[in-house]
1. Given the structure, is Leu160 within 30 Å of the chain's Cα centre (by Cα) and either over 30 Å from Leu28 (Cβ atoms) or of a type in the set (Gly, Ala, Ser) (or both)?
2. Yes or no: the range 133-152 includes at least one residue that is under 19 Å from Thr91 (Cβ atoms) and either without any contact (Cβ under 8 Å) to a residue 60 or more places away in the chain or not in a loop (DSSP other than H, G, I, E, B) (or both).
3. If Ile150 meets every condition in (1) farther than 21 Å from Val64 by Cα; (2) under 24 Å from the mean Cα position of the chain (by Cα); (3) of a type outside the set (Gly, Ala, Ser); (4) modelled with pLDDT of 80 or more apart from one, which number is that one?
4. So, in the range 124-175, of the ones that are in contact with a helix residue (DSSP H, G or I) (Cβ under 7 Å, 6 or more places away or on another chain) and among the aromatic types (Phe, Trp, Tyr), which residue ends up least open to solvent (accessible area, probe 1.4 Å)?
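The values are calculated or read from the model by the stated rules, or taken from the named source; none is laboratory data. Every value quoted in this text rests on a predicted model; they were computed, and no experiment measured them. FYI the Cβ positions are ideal-geometry reconstructions off the backbone, even for glycines, and counts take in every protein chain you see. Note: accessible area is taken over every heavy atom of the protein model, side chains too, but ligands, DNA and RNA are not part of it. Shrake-Rupley method; radii C 1.70, N 1.55, O 1.52, S 1.80 Å.
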Amino acid sequence: RETADRMHHDELATEDVFWDWNLATGKLSWNSSIARRFRYTPNEVRPSIDWHVERIHADDRERVLRGVERAILGVETSWSDEYRFLRGDGTYATVLDRAHIVRNSRGEPIRVVGWILDITELKASEETQRFFARASAALDSVLEVDGTAITLANLGVPELADFCLVDLLEVDGSLHRRAVAHADARAEQHLG
């Protein structure tokens with residue numbers, strides 16, 4: 001009882017998702033953080049590996065499954081990967097998923113116990129820092145105003161936005177559009 005209480009308080013403090021996959025039964029148990037962290041109702045969360053796999057982004061799924069399979073079938077005792085996980089509201093979170101492979105006395109895998117950390121905000125912050133580093137380097141290399149505006153607009157698309165407009169305030173107080181960039185080049189004509 002004391003251990004269960006401690007785990008419950010750890011879960012509330014971190015809001016991290018813990019999971020336990022029984023390889024013999026196929027049942028995947030989640031702590032209650034899965035619903036809160038990833039915007040599901042408790043009734044939407046299913047105790048199956050299929051439910052989990054279906055929520056891994058299609059572009060990441062095969063890599064993740066191969067990695068877990070290699071860890072389970074090999075002599076590895078752990079596995080980790082970053083991937084996109086579908087939230088209940090249809091958006092994706094970037095997660096760091098780590099697991100420990102529990103083996104019996106013959107070395108056969110019997111359980112996989114894991115921990116999922118939502119790193120979406122961290123990844124966004126890292127991308128913002130990379131953007132500012134690229135923008136700073138670009139500003140150092142371009143001395144002409146229009147060239148700088150074009151460079152800045154192009155740096156922001158499509159990594160930070162679908163489109164970017166750069167307007168500069170003129171001496172007379174008016175705004176003058178100096179650059180336009182759009183993820184769809186055809187749309188740039190309508191924004192200019």
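1. Criteria met by Leu160.
2. So far as the range 133-152 goes, no, none of its residues is under 19 Å from Thr91 (Cβ atoms) and either without any contact (Cβ under 8 Å) to a residue 60 or more places away in the chain or not in a loop (DSSP other than H, G, I, E, B) (or both).
3. Ile150 satisfies all of (1) farther than 21 Å from Val64 by Cα; (2) under 24 Å from the mean Cα position of the chain (by Cα); (3) of a type outside the set (Gly, Ala, Ser); (4) modelled with pLDDT of 80 or more except (2).
4. Going through the qualifying residues, I end up with Phe131.
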